[in-house]
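Taking it in order: structure first as structure tokens, then the write-up.
The values are calculated or read from the model by the stated rules, or taken from the named source; none is laboratory data. Since we're looking at a predicted model, the values are computed, not measured. Positions of Cβ are generated from backbone atoms using ideal geometry, with glycine treated the same way; all protein chains shown enter the neighbour counts. For the accessible areas, the whole protein counts, side chains as well, though only heavy atoms, and no ligand, DNA or RNA atoms are used. Shrake-Rupley method; radii C 1.70, N 1.55, O 1.52, S 1.80 Å.
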Amino acid sequence: MFPSVSKRRLCAGSALAVALSFGACAKTNEPATGETERPAARPSILLVTLDTTRADAMGAEAAGIETPSFNALVARGRRFTRAYAAVPETLPSHSSMMTGLYPAGHGINENGRTLPKEPALLAERLQQSGYRTAAFVSSFVLARRFGLGRGFDTYDDVEDAERPARETTDRVLEYLRGPSDKPQLLWVHYFDAHAPYAAAEPFRTRYAKNPYLGEVAAVDEQLGRLVEAFEKSARGPIAILVVGDHGEGLGDHGESQHGNLLYESTMHVPFVLVGPGVGRGVVDTPVSTRRIFHTVLDLAGLANTDSLRAVSAPEVVLGEAMKPFLEYGWQPQIMAVDEAHKAIFAGRNEVYDVAADPKESRDIASSVTLSRAMRTALKDYPIPAPGVAQAPSSLSDEDRKKLASLGYVSAGAAPVVRKDAPRPVDMAGLFDVIERASDLFVREEYAKAIPLLEKIRASDAFNLDAVLRLATAHSALGHEELALRMFEKAKELAPQSSDVRTYLALHLARGARWEEAVPMLEKSVVESPDRVPVLEALARIRERQGRTRDALALWQRIHGLRKASPPELVKAGELAMAAEDTETAIRSFEAARLAQGPSFRHHLELGVLYLAARRFEDARDALDRVSPQHPAYAMALFKRAQVSVLLREPDRASRIEAARRGANATTRELIARERLFQSDRR
Ligand SMILES: [Zn+2]
């Protein structure tokens, strides 16, 4: 029934690179007999992804928790007891499930990136084949902008940080009440188990001693509601897949959350599959959750390669945790698992027999020989180039804050390839410090962030991210000397880094040495034309230099990238007036007036501009709104008299008289020379 050893070796070895980019090796996956007879009608398919859910937190044998909804599915289907996430982070893990590819294939190694257009997504394939497709996700990390919405007729995402499972389920149930004559693909993502752990009652009280399990139990309750509603709504056959996107450290190997290491606590996930042609029972062969993609295609009758509906040949399951490498320049980490061993490569190999030693407490690397397939898999695994580590410039400050509130922070600095790169597990004591420091930094609480950043630097002197954040924090607090010293250090660590240059330029632009910043900012604007803080700094310098038109053009670009505040609209109006760009000036002041309502104070400017644009009625209305307390009220009276004459108003003579009576030194002269008033004098 199983392919020969030589065939397996061929797949896992030389063809590995192909599998990484284009899916798994087809040859190893001959369907077992009698297991894959396709039902006549295509099933409706429910995929539920459980965020941050450890394998040992679900199922009848899970200690300290009851998960009746999950257990009921296990009783009806096939449970995979050794399922592995591709990456211990939400967006990359889901990207693998939705493309069937490891990160080298889809390009998402971290949260906060955007999926490229090329890899076909599961929902696109099903939508094209006539499925009705809908997704309900519960975290900003999976918002549509990050790319997973393609192919879904409905993509119900959240712009807030997160949505509780109960609310998400309510929305799904409402959706399921709608009519459907097609088979459906429904993906539901629950986020509750993610930190902080604060389940609603009764779970809060019931799990007071283990709030994490309380969240998981609360999600299991919603899973039950969801499955029941889905089954009721379906007309034909159904299939259900429930899977974790990654686990949670809970202190194992020094990691409290997830994303930094590759141990079982975060990589090993629960997974159950129920559906037509799926036998009941337990599969203890290691499998990657990226095969959700192949399995759903198979259930929909679109392809049967690598489906988990059939009992398939063992494969080397891969995984990665590149965040510490991409963010701090630590060792890249790769995981490879076969039936006998689990290997983690991070500078050197660690090997565990997870069946006998599930806590991975005994590293047996020195006493075992890994299979050739495992060794090849580890050797050939593609490490992302440091260049790709740049955070996307499309992430706004607001987006960064949202990601930070979920514990995901990227400084956006490309890592330096370090000779001394530490192994992430040896730095586990810093994970929480880094996370707290990043969170404070993104919230601009610099004074609180500095001692934590110093602590990071004390343990990891070559950490560019920490040095650069320290420099920026000191700069923001006006600590001139300390900021410059840190920028010098950053330059030593990364002489070629454009980030270092950019942050230094932003620092110099704020102080007495602003002229030194000009060429650096100009270069940064060319490199990243959408980077708002750089555009802002250069715009202010252009104002200072009296290059009004250039300043205005930069502000207009900035306001195309983010919403302008009312004071900024006023400033744009003033710059446009100075640049004699009447149209832009009118548009800016009008927008400011709309935004500010009764507190708008620039009616005089608007009146003058309307007059220049020969919009006399608008000018009249604007000038009538100028308060007599306005310091330039004399000018308003003069302009109003001009408008009155131009509109041939009956009371224009008294308007001229009022302008004369209220005149000041400036307007007295103007009134004396005003031809409109002379010709109109009677
Ligand atoms: Zn997640």
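For the range 481-538, take the alpha-carbon Rg, divide it by the Kirkwood Rh, and send me Rg/Rh.
Rg/Rh: 0.95.
Report the accessible area of Phe80, computed with a 1.4 Å probe over the heavy atoms of all protein chains in place, in Å² rounded to the nearest 10.
10
Return one whole number: the accessible area per residue of the chain in Å², for a 1.4 Å probe.
43
Quick one: what Rg and Dmax do you get for the range 105-225 from the alpha carbons, in Å?
Rg and Dmax of the range 105-225, Cα atoms, are 16.1, 48 Å.
Over all directions, the average projected area of the alpha-carbon convex hull for the chain comes to how many nm²?
37.4
Obtain the nm distance between the two label points defined at Ala613 and Arg547 by a simple spin-label model: each point lies 7 Å from its Cα along the Cα-to-C-beta direction.
Going by the 7 Å Cα→Cβ label model, 2.8 nm.
Measure off 7 Å from each Cα along the Cα-to-Cβ vector at Ala653 and Arg601, then give the distance between these two points in nanometres to one decimal.
3.9
Among bridges DSSP assigns within the chain, what percent are antiparallel (round to 5)?
Around 45 percent of the beta bridges assigned by DSSP in the chain are antiparallel ones.
How are the alpha carbon pair distances in the range 503-657 distributed across 10 Å bins from zero to the largest one, expressed in percent?
11, 32, 27, 17, 9, 3, 0
How large is the accessible surface of Arg76 in square angstrom, using a 1.4 angstrom probe and rounding to the nearest 10?
Here the accessible area works out near 90 Å².
Listed highest first by mean packing, meaning other Cβ atoms within 10 Å per residue, what order do 244-252, 110-118, 300-308 come in?
244-252, 300-308, 110-118
Distance check, please: which entries in Lys323/Lys489; Lys379/Lys523; Lys323/Lys359; Lys448/Lys523 exceed 30 angstrom between their Cα atoms?
Lys379/Lys523; Lys448/Lys523
Round to the nearest 0.05 the FRET efficiency obtained for Leu561 and Lys523 when R0 = 25 Å and r is the Cβ-Cβ distance.
0.85
Taking the Cβ of Ala476 as the center, what net charge do the other residues with Cβ under 9 Å away carry, scoring Lys and Arg +1 and Asp and Glu -1?
Its environment carries a net charge of 0.
Over the alpha-carbon set of the range 463-590, work out the extent along each principal axis and list the three values in angstrom, largest first.
49, 25, 23
Please list, short to long, the whole-number percent of alpha-carbon pairs of the range 453-499 in consecutive 10 angstrom bins beginning at zero.
Result, from short to long distances: 32, 56, 12 percent.
Can you pull out the GluC sites (Glu not before Pro) in the range 277-366 that DSSP calls coil and that have at most 14 other Cβ atoms within 10 Å?
Glu339
Over the chain, what relative contact order in percent results from Cα pairs under 8 Å that are six or more residues apart?
Computed over the chain, the figure is 12 percent.
Which angle between 0 and 90 degrees, to the nearest 10, do you get for helix 211-233 versus the longest principal axis of the chain when only C-alpha atoms count?
90
Which residues in the range 54-98 place their backbone N less than 16 Å from a point set 7 Å from the Cα of Lys209 along the Cα-to-Cβ direction?
62-66
Report in % the part of the accessible area of the chain that belongs to carbon and sulfur, leaving out ligands and nucleic acids; probe 1.4 Å.
52
Can you figure out the FRET efficiency of Ala63 with Ala200, using R₀ = 25 Å and their beta-carbon distance, to the nearest 0.05?
That pair, Ala63 with Ala200, gives E of 0.65.
Which order, highest average first, do 285-292, 661-668, 41-48 follow once you tally other Cβ atoms within 10 Å for each residue and take the mean per peptide?
For the peptides 285-292, 661-668, 41-48, the packing ranking is 285-292, 41-48, 661-668.
Run the dipole for the range 540-610 about the Cα centre, Lys and Arg Cβ at +1, Asp and Glu Cβ at -1, nothing else charged, and hand back the magnitude in debye, nearest 20.
360
Give me the extension gain from Gln678 to Ala458: residue separation times 0.36 nm, minus the current Cα-Cα distance, reported in nm with one decimal.
The span from Gln678 to Ala458 would gain 71.2 nm if fully extended.
Treating the beta-carbon of each Lys and Arg as +1 and of each Asp and Glu as -1, no other charges, what is the dipole magnitude of the chain about its Cα centre, to the nearest 20 debye?
In debye, rounded to 20, the chain gives about 2000.
Taking +1 at the Cβ of each Lys and Arg and -1 at the Cβ of each Asp and Glu, which of Ala41, Asn304, Leu142 sits farthest along the dipole of the chain towards its positive end, judged by Cα position relative to the Cα centre?
Sorting the options by dipole projection puts first Leu142.
Select from Val500, Ala592, Pro68 the residue farthest towards the positive end of the dipole of the chain; place +1 on Cβ of Lys and Arg, -1 on Cβ of Asp and Glu, and compute about the Cα centre.
Sorting the options by dipole projection puts first Ala592.
Roughly how many nanometres apart are two label points built 7 Å out from the Cα toward the Cβ at Val532 and Ala303?
With each label placed 7 Å out from Cα toward Cβ, I get 4.0 nm.
State the extension gain, in nm to one decimal, for the chain segment bounded by Asp353 and Glu118, taking 0.36 nm per residue of separation less the distance between their alpha-carbons.
This chain segment gains 80.8 nm when fully extended.
In debye to the nearest 20, how big a dipole does the range 567-667 give about its Cα centre with +1 on each Lys and Arg Cβ and -1 on each Asp and Glu Cβ?
360
If you project the alpha carbons of the range 226-349 onto the principal axes, what extent comes out on each, in Å, largest first?
In descending order, the Cα extents are 52, 32, 25 Å.
Could you give the angle, 0 to 90 degrees to the nearest 10, between helix 165-176's Cα long axis and the longest principal axis of the Cα atoms of the chain?
The helix 165-176 is inclined about 90 degrees to the chain.
Mind checking the range 330-378 for trypsin sites (Lys or Arg not before Pro) that DSSP puts in a loop (not H, G, I, E or B) and that have at most 16 other Cβ atoms within 10 Å?
Sites meeting the loop and neighbour criteria: Lys359, Arg362.
Using only the alpha-carbon atoms of the range 574-648, report the extent along each of the three principal axes, biggest first, to the nearest angstrom.
30, 26, 19
May I ask you to compute the full-extension gain from Lys448 to Glu515, defined as 0.36 nm times their residue separation minus their alpha-carbon distance, rounded to one decimal in nm?
21.0 nm
Of all the C-alpha pairs in the range 150-296, what % are more than 21 Å from each other?
54
Tell me the accessible surface of Tyr155 in square angstrom (1.4 angstrom probe, heavy atoms of protein chains only), to the nearest ten.
My reading of the accessible area for Tyr155 is about 20 Å².
Are there any trypsin sites (Lys or Arg not before Pro) in the range 464-522 that are in a DSSP loop and have at most 13 other Cβ atoms within 10 Å? List them by number.
Arg513
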